[in-house]
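Asker: Quick one: the structure is below, questions incoming.
None of the figures in this text is laboratory data; all of them are computed from the coordinates on show. Treat the numbers as computed from the prediction; the structure is a model and nothing was measured. Here the Cβ is made from the backbone with ideal geometry for all residues, glycine too, and neighbour counts use every protein chain on show.
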Amino acid sequence: MKITNLDLEPKSVMTAEGAAGAWKQVPIGAADGTPAYSVRAFTLEPQGHSPYHRHPYEHLNYIIRGSGVIVGESGERPIREGDFVLVAPNELHQYRNTSDDRPLVFLCAVPKAYE
């Protein structure tokens, strides 16, 4: 069993092309022996964003703090604290923090092979 707190987990800068003001943490992952999924946390600084991308696996997301939009092929959709988001495999997507003064923080569960 592992119990941790997000505030204790190290943050690394997202270096993927197209990301700006984005940080990643892995509070529960393959290194912990999880059998199927890893849970990551992303923090987007004010006006920060993830890359606009797609991949062959689903994302299961939960917005912890802040608000913004998720961008997809059909446009932008607002997101806020308490929202759940399913991003299907191969679906183009990007998270954007639209705030000028508050971070956007969300959890992202993915198959551990894609941690």
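Asker: Note the direction-averaged projected area, equal to a quarter of the hull surface, for the Cα convex hull of region 42-96, in nm². Please report the intermediate quantities before stating the final value.
Answerer: Details: hull surface 13.8 nm².
Approximately 3.5 nm², given one-decimal rounding.
Asker: At a threshold of 8 angstrom on Cα-Cα distance, excluding pairs fewer than six apart, so keeping six or more, what relative contact order does the chain reach in percent?
Answerer: With pairs under 8 Å counted, the relative contact order is 30 percent.
Asker: Sticking with this structure for a sec: Count the net charge of all other residues whose Cβ sits under 13 Å from the Cβ of residue 11, scoring Lys and Arg as +1 and Asp and Glu as -1.
Answerer: Net local charge, residue 11 excluded: -1.
Asker: Given bins 10 angstrom wide, list per bin the percent of all Cα-Cα distances in the chain, short to long.
Answerer: 15, 48, 32, 5, 0
Asker: Further question: How far apart, in nanometres, would the label points at residue 77 and residue 113 be if each is projected 7 angstrom from Cα along the Cα-to-Cβ direction?
Answerer: 2.6 nm
Asker: What residues qualify as long-range amide H neighbours of residue 14, i.e. H under 5 Å apart, gap of 5 or more or another chain, H built at 1.01 Å from N?
Answerer: Amide H neighbours of residue 14, under 5 Å, 5+ apart: 22, 23, 24.
Asker: Give, in nm to one decimal, the length gained when the segment between residue 84 and residue 60 is fully stretched (0.36 nm per residue of separation minus the Cα-Cα distance). Write out the running numbers ahead of the final one.
Answerer: Details: separation 24, 0.36 × 24 = 8.64 nm, distance 0.75 nm.
Stretched out fully, the residue 84 to residue 60 stretch lengthens by 7.9 nm.
Asker: Give, as a single signed number, the net charge of other residues whose beta carbon lies under 11 Å from the beta carbon of residue 22, with Lys and Arg counted +1 and Asp and Glu -1.
Answerer: Here the count lands on +2.
Asker: On to the next question. Using 7 Å Cα-to-Cβ label points, what is the residue 30/residue 102 separation (nm, one decimal)?
Answerer: Between residue 30 and residue 102, the simple spin-label model gives 3.6 nm.
Asker: Considering only the other residues whose Cβ falls under 12 Å of the Cβ of residue 54, what net charge follows from Lys and Arg at +1 and Asp and Glu at -1?
Answerer: -3
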